[in-house]
Amino acid sequence: MESEHKIQNDIRVALSKHQCTVFRVNVGSVKTPDGRFFSAGVPSGHPDLYGFRWSDHQVFYIEVKNEKGKPRADQIKFHEMLTKREIIHGIARSAGDAIRIVEEGLIGYGFSKEDWQ
């Protein structure tokens with residue numbers, strides 16, 4: 001089984017070759033000198049990758065999962081918000097999935113209620 005990290009890198013390369021700009025999301029926590037934790041990054045549930053098509057500047061979001069990965073509750077909530085706004089997004093388990101999501105302008109590809117019920 002391929003790691004999500006490898007799939008993510010394959011997607012970034014493939015979408016770049018398909019006239020898209022792609023950004024990888026970085027998140028994490030940092031301990032401050034006084035012992036508190038500071039969370040850096042995007043909101044909880046934000047997809048792993050986002051970007052835009054060069055042709056029409058249409059924004060897209062890609063959640064990367066391996067063949068067995070399932071979306072978490074916060075990812076489902078983010079998906080529901082994107083769906084309400086008709087924003088291109090989906091779960092990609094391969095570079096081919098990501099290309100399909102972006103090129104066909106799919107909304108919610110790979111999200112299935114059966115996966116999280």
Response to the item:
Subtracting the Cα-Cα distance of Leu106 and Arg36 from 0.36 nm times their residue separation yields 21.1 nm
Worksheet, complete the sentence: As a percent rounded to 5, the proportion of antiparallel DSSP bridges among beta bridges in the chain is 65
Worksheet item: Roughly how many debye, to the nearest 20, is the charge dipole of segment 1-116 about its Cα centre, given +1 on each Lys and Arg Cβ, -1 on each Asp and Glu Cβ, and no other charges?
Response: 260
Worksheet item: Each residue of segment 67-72 in order: what ³J(HN,Hα) in whole Hz does its phi give by Karplus 6.51 cos²θ - 1.76 cosθ + 1.60, θ = phi - 60°, with x for Gly and Pro?
Response: 4, 9, x, 10, x, 7
Practice prompt. Multiply the residue gap between His46 and Thr83 by 0.36 nm, knock off their C-alpha separation, and tell me the result in nm, one decimal place.
Written response: 12.0 nm
Response to the item:
With a 18 Å threshold on alpha-carbon distance, the violating pairs from Lys17/Lys65; Lys6/Lys31; Lys6/Lys113; Lys17/Lys84; Lys68/Lys113 are Lys17/Lys65; Lys6/Lys31; Lys6/Lys113; Lys17/Lys84
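Laboratory data are not the source of any read-out in this text; all were calculated from the coordinates shown. Quick caveat: nothing in here was measured; it's all calculated off a predicted structure. In this analysis, Cβ positions are derived from the backbone assuming ideal geometry, glycine residues included, and neighbour counts consider all displayed protein chains.
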